[in-house]
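The values are calculated or read from the model by the stated rules, or taken from the named source; none is laboratory data. Keep in mind that this is a model prediction, so the values were computed, not measured. Heads up, the Cβs are rebuilt from the backbone with ideal geometry, glycines too, and the neighbour counts pull from every protein chain shown.
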Amino acid sequence: MNDVIQIRLGGQRASNWKKFLKRTGLNQADLIRDALDERMKAANGGLPSVAAKWAGKVKGSGVTATNAAVAKALGR
């Protein structure tokens, strides 16, 4: 997959971006990929993508077993 993203940073942001990359020695593509990964992870509530896909979509019976309910069912 070779998708390309092009963004306009504007004067001050572009200047700050260049200074930041020079100061940290980071590669701009790697930095953007990492930032996207962090943002998407935060949007998923910190869950891995597989878990985030199903979170809140699976329904159970709605009845949960409790000690009292189990004891009553067993006649205790």
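Worth a mention:
- Checking each residue in region 1-20 for being in a helix (DSSP H, G or I) and under 18 Å from ARG33 (Cβ atoms) picks out TRP17, PHE20.
- Test: residue in region 35-51 that is at pLDDT 85 or above, hydrophobic (A, V, I, L, M, F, W, C), surrounded by 10 or more Cβ atoms within 10 Å (Cβ to Cβ) and in contact with a helix residue (DSSP H, G or I) (Cβ under 7 Å, 6 or more places away or on another chain): no
- Within region 52-70, the set of residues being surrounded by 10 or more Cβ atoms within 10 Å (Cβ to Cβ) and either part of a loop (DSSP other than H, G, I, E, B) or modelled with pLDDT of 70 or more (or both) comprises ALA55, ALA69, VAL70.
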